[in-house]
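Visitor: Below are the structure tokens for one structure; questions will follow.
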Amino acid sequence: MKILLMVKQVPDLSASGMDDGKVPRGGPSVLNPQCEYALDAAIALKGEEDEVIAVSMGPPSASGSLLRCLELGADRAYHLCDPDFAGSDVWATAKTLARLIIEKESDFDYILCGQRAADGETGQVPSMLAELLGIPQVSGCHRIIRELAFLHAWRGMSGRIERFELGPKALIAMETGCNVHRLPSMEDFLAAKRKELTVISRKDISLEKSDCGLMGSHTVVKGVHVLTESREGIKLHLDDTSSAVDAVYEAVRRRDK
Amino acid sequence: MTRSRLVRERHEPDISRVKALDGNAVNAYLQDESKLTGSADMVFITSDEAGISSVLYHATAGNVPVTISARRTGVVGGAVPVGGWVLSLEEMDRVVGIGEDDVGFYMQVEPNVTLRQIDDILRNGRYRDLEEITPGAISRLKKMGRHLYPVDPTESNASLGANAACNSSGSRSYRHGPTRDWVRRLRVVLADGSVLDIRRGEVFAKNGAFILDGEGDERMIETLSYEFNREVKNSAGIFSADGMDAIDLFIGSEGILGVVSLLEIRLIPWRPMLSCMAFVPDDEGALRFIDHLKGLDDGPELIEFIDRNGIEMIECERKEGHLFSNMPEFPLFPAAAVMFDIPVDDSLEMLIEEIGSVLKSEGSGLDRTWCAHEERERERFRSFRHAIPEAVFSYIASRKLQYPDMHKMGTDISVPESSSSEMMKCYRDMVDSSGLRTVMFGHMGDNHPHLELLIQDMDDYEKAERLCHDLAEKAIGLGGCPSAEHGIGRLKRRYLGMMYDETQIQDMVRLKKQLDEKWVLNPGVLLESMR
């Protein structure tokens, strides 16, 4: 089984927080948290004969996230790294990823992705990629298991759990996963440094300039606004628990109306 | 051209503009992380240097003791008041700006700025609200790439002013030295409310004295007669050296000579690191592994040790789900752990292989390690290490409910490299014969582990006091220091008498009186109060 693992490097928002609603640039980066779930799932599915190939598009620093995938069990990696890819929106990104897959790894069985990236928060690339490749997709998953050549994927949807059975040539996007954090060993680090990491430029996958980067994008972020809570809080000064409970109940009842 | 003259400046004293608290409101200021509890009549909260000056001027005029307080993260009771006033610097938490000189970039900060704040600015390039202390400094810093303040005391909520006051160090001092080496400038408010502005390299002691000048009142400040022990990490006692820089008089003096109102700290270029944690079956093997790490060329930036008891304590916390519930299982258990950071450069792979063969000879291996290069992961290692003292603090706080007189007991001993093995043997032997429960962790790179005593009752407490005393005595005999980074504060004053003879202590008393005649500043901290 060949699994393609699509990952993204994002700013480490857990350490930096936001700047007026905008994602800060220039600080440290990490593997996108939802891509971590996809990585965990891919490695858990991988048998001895199988191959997990990590793919990321991004600046040179994105190789750090691919290194993490390789440390934790991916077999090799592609890094789509070219100034011509800069400024890609979701459409241009999906198109570039699809072209790499068609050109280099068209014999894949499954594609695993994080549902969305912590910086852009669009959640559209997985679906667009599946459409461009003409394959079925399940979004918002939290669990995958393998049964021979088939995968079973679970997701929560409108208060119920859905289970899908997928044959080869399908895409699964992970919303959550296992919370146990994995740490590579120095042996894993050394092994990862010796695994194959191929840097791919636009020309390597015969992509026109007009199909990628800013030129191939249909959307541009013009501004970001922070929405603030407009409803004011209420201060209650009360002496005993019983009247406090009554007052809170009354305040909630009034607000519901 | 150097000089020995310190020029005093003065603010117009006006205490009415300083926020004051009394009654129950002072209760929040009576304890620090030592869990020692004090008392105070009033708390003054100032947001600027003029406020510090006004409070100290009136305290001296009215002969009222003043205890300086900021984040209260100290563990030796330095911020615990003994009556009188508390002067809280909690609102002086502004990072002022960035400057540049011949040596490199520096940052100007108010005393209550934390390590966490400056790390956030430097890590994320958040220079937007900062001033250019020298023209073009910020744009040049941006161009030069990420920088770092190299001192990293474990408590990242500690304030920079307090770090300077007790010459804090931390894991990275193994390579970079303590706070003293990184302070470029201090503004210090003296007990009479006057202010000194001292830049490193400008004012030096001449014939064993500084001249304190200003307001037509010139006096000599005689320095101390002893040579401060700089062979080991040392935060015990007032700094002294022949022809010393005036700035060093105040760094490490625990706020008894003056109150820091502004600092400038030096920055260095950041470089990528691989953080590693190796698990070794026993403490002795881990210590031998550390010796090997110390022998490497361009070796680790820091070397930290957690003994088997420490790892066991973490494992218990993890199993009970209090802390580390999302942490993977240890790759080796039971085990001691060694944390170290190595630079990511061309020789990294060769270095890892070498480390692997040493680990193998100790019954471990590269597969019995964790490592991280992404900063989020590296930060997790740091929190992991910090969780041990936090778990100890929380344990002592729980025992204190039953025994109110109990406070945290632990060592802060450093010894020279040549005595490290002997000292470690001493720890083992003395702990065994005391029958006390302990955990050991800390800065083995600097031969400075912390032994924390998990005391259960007042019997244990007395045993622990004896043990700490005996260990301190042994360390001093080996040329070490019983207070390497926490300072002396109120809790470790008796160690001063073990490190310094009576003449030397009287020398410190004389110096204190020259700058604070009425002994209003932090009385009972470092030196016994002469009030």
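The values are calculated or read from the model by the stated rules, or taken from the named source; none is laboratory data. All values derive from a computational prediction rather than experimental measurement. In this analysis, Cβ positions are derived from the backbone assuming ideal geometry, glycine residues included, and neighbour counts consider all displayed protein chains.
Visitor: Of the conditions (1) under 30 Å from B:H450 (Cα atoms); (2) of a type in the set (A, V, I, L, M); (3) not in a loop (DSSP other than H, G, I, E, B), B:L196 satisfies every one except a single condition; which number is it?
Guide: Every condition holds for B:L196 apart from (1).
Visitor: Between a first residue in region A:7-28 that is on the phi > 0 side of the Ramachandran plot and within 7 Å of chain B (Cβ to nearest Cβ) and a second residue that is surrounded by 17 or more Cβ atoms within 10 Å (Cβ to Cβ) and not in a helix (DSSP H, G or I), which pairs have beta carbons less than 7 Å apart while being 6 or more apart in sequence or on different chains?
Guide: A:G26/B:G125
Every residue, every condition in (1) among the basic types (K, R); (2) more than 22 Å from B:F279 (Cβ to Cβ); (3) in contact with a strand residue (DSSP E or B) (Cβ under 9 Å, 6 or more places away or on another chain); (4) at pLDDT 90 or above, yes or no:
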{"position": "B:F333", "(1), (2), (3), (4)": "no, no, yes, yes"}
{"position": "B:E353", "(1), (2), (3), (4)": "no, no, no, yes"}
{"position": "B:K360", "(1), (2), (3), (4)": "yes, no, no, yes"}
{"position": "B:G363", "(1), (2), (3), (4)": "no, no, yes, yes"}
{"position": "B:E375", "(1), (2), (3), (4)": "no, yes, yes, no"}
{"position": "B:R382", "(1), (2), (3), (4)": "yes, no, yes, no"}
{"position": "B:A397", "(1), (2), (3), (4)": "no, yes, no, no"}
{"position": "B:M406", "(1), (2), (3), (4)": "no, yes, no, no"}
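Visitor: To continue, here is another question. Condition first: surrounded by 13 or more Cβ atoms within 10 Å (Cβ to Cβ), within 21 Å of the chain's Cα centre (by Cα) and within 14 Å of another protein chain (Cβ to nearest Cβ). Now tell me which residues in region A:150-185 satisfy that.
Guide: Of everything in region A:150-185, those that are surrounded by 13 or more Cβ atoms within 10 Å (Cβ to Cβ), within 21 Å of the chain's Cα centre (by Cα) and within 14 Å of another protein chain (Cβ to nearest Cβ) turn out to be A:T176, A:G177, A:C178, A:H181, A:R182, A:L183, A:P184.
Visitor: Now a separate question. Please verify whether B:A61 is at pLDDT 95 or above and either buried (at least 22 other Cβ atoms within 10 Å of the Cβ) or closer than 19 Å to B:D93 by Cα (or both), treating the condition exactly as stated.
Guide: It is false that B:A61 is at pLDDT 95 or above and either buried (at least 22 other Cβ atoms within 10 Å of the Cβ) or closer than 19 Å to B:D93 by Cα (or both).
Visitor: Looking at region A:216-228, can you tell me whether even one residue there is within 23 Å of the chain's Cα centre (by Cα), among the polar types (S, T, N, Q) and part of a loop (DSSP other than H, G, I, E, B)?
Guide: Yes: region A:216-228 contains one or more residues that are within 23 Å of the chain's Cα centre (by Cα), among the polar types (S, T, N, Q) and part of a loop (DSSP other than H, G, I, E, B).
Visitor: Next up: Here are some residues: B:L122, B:L87, B:L56. Which one is within 14 Å of chain A (Cβ to nearest Cβ) and either surrounded by fewer than 17 Cβ atoms within 10 Å (Cβ to Cβ) or in contact with a Leu (Cβ under 9 Å, 6 or more places away or on another chain) (or both)?
Guide: Result of the check over B:L122, B:L87, B:L56: B:L122.
Visitor: While we're looking at this one, here's another question. With the structure loaded, tell me whether B:G285 is of a type in the set (G, A, S) and at pLDDT below 95 or whether it fails that test.
Guide: Spelling it out, it is not the case that B:G285 is of a type in the set (G, A, S) and at pLDDT below 95.
Visitor: Separate question: Working only within region B:207-238, note down all residues that are closer than 21 Å to B:L491 by Cα and charged (D, E, K, R).
Guide: If the condition is that a residue be closer than 21 Å to B:L491 by Cα and charged (D, E, K, R), then B:K233 is the only one that fits.
Visitor: Taking B:A464, is it within 18 Å of B:K35 (Cβ to Cβ), assigned to a helix (DSSP H, G or I) and either of a type in the set (A, V, I, L, M) or touching a residue at least 60 places away in the same chain (Cβ under 8 Å) (or both)?
Guide: Yes.
Visitor: Specify the residue that is nearest to B:L212 (Cα to Cα); the eligible residues are those in region B:222-278 that are of a type in the set (A, V, I, L, M) and within 14 Å of chain A (Cβ to nearest Cβ).
Guide: B:M273
Visitor: I'd like to verify a number: residues in region B:365-391 that are out of contact with any His (no Cβ under 9 Å at 6 or more places or on another chain) and away from chain A (no Cβ under 11 Å), how many?
Guide: The total comes to 6.
Visitor: Quick one: which of A:A251, A:A247, A:A191 is surrounded by fewer than 17 Cβ atoms within 10 Å (Cβ to Cβ), within 14 Å of another protein chain (Cβ to nearest Cβ) and not in a loop (DSSP other than H, G, I, E, B)?
Guide: Going through A:A251, A:A247, A:A191 in turn, the sole match is A:A191.
Visitor: Okay, moving on. I'd like the full set of residues that are farther than 16 Å from B:W182 by Cα and more than 14 Å from chain A (Cβ to nearest Cβ), limited to region B:98-119.
Guide: Listed by number, the list holds a single entry, B:N112.
Visitor: Which one is modelled with the highest pLDDT, of the residues in region B:479-502 that are surrounded by fewer than 19 Cβ atoms within 10 Å (Cβ to Cβ) and within 14 Å of B:T411 (Cβ to Cβ)?
Guide: Per the criteria, the residue is B:M498.
Visitor: Can you pull out every residue in region B:289-321 that is at pLDDT below 95, among the hydrophobic types (A, V, I, L, M, F, W, C) and crowded, with 19+ Cβ neighbours inside 10 Å?
Guide: If the condition is that a residue be at pLDDT below 95, among the hydrophobic types (A, V, I, L, M, F, W, C) and crowded, with 19+ Cβ neighbours inside 10 Å, then B:L302, B:I311, B:M313, B:I314 are the ones that fit.
Visitor: Within region A:196-208, does at least one residue satisfy the condition of being away from chain B (no Cβ under 14 Å), among the acidic types (D, E) and closer than 30 Å to B:S347 by Cβ?
Guide: yes
Visitor: Suppose we keep only residues that are within 18 Å of B:F305 (Cα to Cα) and of a type in the set (D, E, K, R) within region B:361-403. Which one would you say is surrounded by the most Cβ atoms within 10 Å (Cβ to Cβ)?
Guide: This residue is B:R368.
Visitor: In addition: How many residues are charged (D, E, K, R) and assigned to a strand (DSSP E or B) when one looks only at region B:326-361?
Guide: Of the residues in region B:326-361, 1 are charged (D, E, K, R) and assigned to a strand (DSSP E or B).
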